[in-house]
Amino acid sequence: MGSHSVRTFISFLSIFRSSVVGCGINLPRKFSQNTFRNFYNTNRSLTKHISHKTLFVTSTIQTTMLFSKPCLFVLFSAFLLTANADTIRGVQQRELQATAEVDLGTAGNYAILAESGISTVPSSAITGDIAVSPIDGAAMTGFDLIFADDRKSSTSTQVTGSAYAADYIAPTPTHLTTAVGDMGIAYTDAAGRTNPDAARINVGAGEIGSLTLKQTAGNGVYTFQSDVTISADLTFEGSQDDIFIIQITGNLILSANMAIKLKGVQAKNIFWQVAGHVRVQADAHMKGILLVKTDVLFITGSSLDGRVLAQTACDLQKATIIQPTKLVVAN
């Protein structure tokens, strides 16, 4: 962008300062080439959201720098500066109301946490710690557990991590009591999230196989007042920061050989709040955090990229459970 274009745009900013007063864009009293650059960088997070009606997108200001004629640059820039305050205030309000992550507390330390037991039909493969509480360690069956020397934990060839129970040596019981309490809080939080969008209530009458679920205006809550069945692959699409909460008053069933697929979304950001039970059928592949009021069953060959936080039991039949990891995005 030539110096004449910069000077022309600076003059234009001064003229239109009154158009953006109170809309959340901070305009300095005097403009120079440096303050223009600061203005754009400071307000980038707001300007990218200006509606298409203003004919402005984030890339506009960069694209118009390529024009050799100052008048064209000023013309395109005008659409940014005349965007009304209500548009930007609406964006800010929607961002504040975006679906927030469910805080798992210390329950998030476990790949599987269950109150009444964890069983396996060997061999299963679990990456992450497992725990039971308030029931004792005898409720973890099929693992051939071996106590650590201090008896605060135990190990199994089926677990890449450690196992814990309410009757192990202190401070394990206290830690587990806290984790179970956190699990209950997380379940209540997820169940209590408001869903103001009627289009996201009882989607597909509870059959959501073959669908693609996305956020709209920051809302990632879907509510089902029935069982939910997934009889074909289900896709979550969005960014790595998008949060999804699936509220289910009935049971959740992922059919055999079907999978949850992710396009840009992280498994750790999908929360399944299920009042009934969960069934992941043979060779099916589940993703997300299972916050379950009753029990969870994984049939032979099934898997989970996520966590099982069950208020009763979790049963595995030659299943694979891998606690989620954060997505690393290359620069």
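The values are calculated or read from the model by the stated rules, or taken from the named source; none is laboratory data. In this text, all values refer to a predicted model and were calculated from it rather than measured experimentally. Every residue, glycine among them, receives a Cβ derived from its backbone with ideal geometry; neighbour counts consider all protein chains shown.
Couple of notes before you dig in:
- Where strands (runs of 3 or more DSSP E) sit wholly within the stretch 102-143, those with at least 2 residues that are at pLDDT 95 or above, in contact with a helix residue (DSSP H, G or I) (Cβ under 6 Å, 6 or more places away or on another chain) and surrounded by 24 or more Cβ atoms within 10 Å (Cβ to Cβ) occupy 130-132.
- Here ILE245, ILE253, ILE260 are screened, and the one residue that is in the same structural domain as ALA199 (by TED's automatic domain parsing), in a strand (DSSP E or B), farther than 28 Å from PRO134 by Cα and hydrophobic (A, V, I, L, M, F, W, C) is ILE260.
- Checklist (1) out of contact with any His (no Cβ under 8 Å at 6 or more places or on another chain); (2) within 21 Å of SER119 (Cα to Cα); (3) surrounded by fewer than 18 Cβ atoms within 10 Å (Cβ to Cβ) applied to LYS263, failing item: (2)
- Qualifying residue in the stretch 200-221 (condition: surrounded by fewer than 16 Cβ atoms within 10 Å (Cβ to Cβ) and under 17 Å from GLY108 (Cα atoms)): no
- Exactly one residue among THR188, THR177, THR194 is assigned by TED's automatic domain parsing to the domain that holds VAL274, outside any helix (DSSP H, G or I) and among the β-branched types (Val, Ile, Thr), and that residue is THR194.
- Tally, over the stretch 145-160, of residues that are out of contact with any strand residue (DSSP E or B) (no Cβ under 7 Å at 6 or more places or on another chain) and within 27 Å of THR325 (Cβ to Cβ): 2
- Within the stretch 239-289, the set of residues being on the phi > 0 side of the Ramachandran plot and out of contact with any helix residue (DSSP H, G or I) (no Cβ under 9 Å at 6 or more places or on another chain) comprises ASN257, GLY264, ASP283.
- Within the stretch 173-229, tally of residues that are under 22 Å from ARG279 (Cα atoms) and charged (D, E, K, R): 2
- Reported count of residues in the stretch 198-210, each being in a loop (DSSP other than H, G, I, E, B) and of a type in the set (A, V, I, L, M, F, W, C), is 1.
- SER162 vs. criteria within 15 Å of TRP272 (Cα to Cα), surrounded by fewer than 20 Cβ atoms within 10 Å (Cβ to Cβ) and over 22 Å from the mean Cα position of the chain (by Cα): no
- Number of residues in the stretch 273-287 that are surrounded by fewer than 24 Cβ atoms within 10 Å (Cβ to Cβ), under 21 Å from GLN225 (Cα atoms) and without any contact (Cβ under 8 Å) to a residue 60 or more places away in the chain: the value is 3.
- Total residues in the stretch 215-235, condition within 17 Å of ARG193 (Cβ to Cβ) and in contact with a strand residue (DSSP E or B) (Cβ under 9 Å, 6 or more places away or on another chain): 8
- Qualifying residue in the stretch 211-218 (condition: touching a Phe, Trp or Tyr at 6+ places or on another chain (Cβ under 9 Å) and part of a loop (DSSP other than H, G, I, E, B)): yes
- Counting the residues of the stretch 119-144 that are in contact with a Gly (Cβ under 9 Å, 6 or more places away or on another chain) and closer than 14 Å to SER162 by Cα gives 7.
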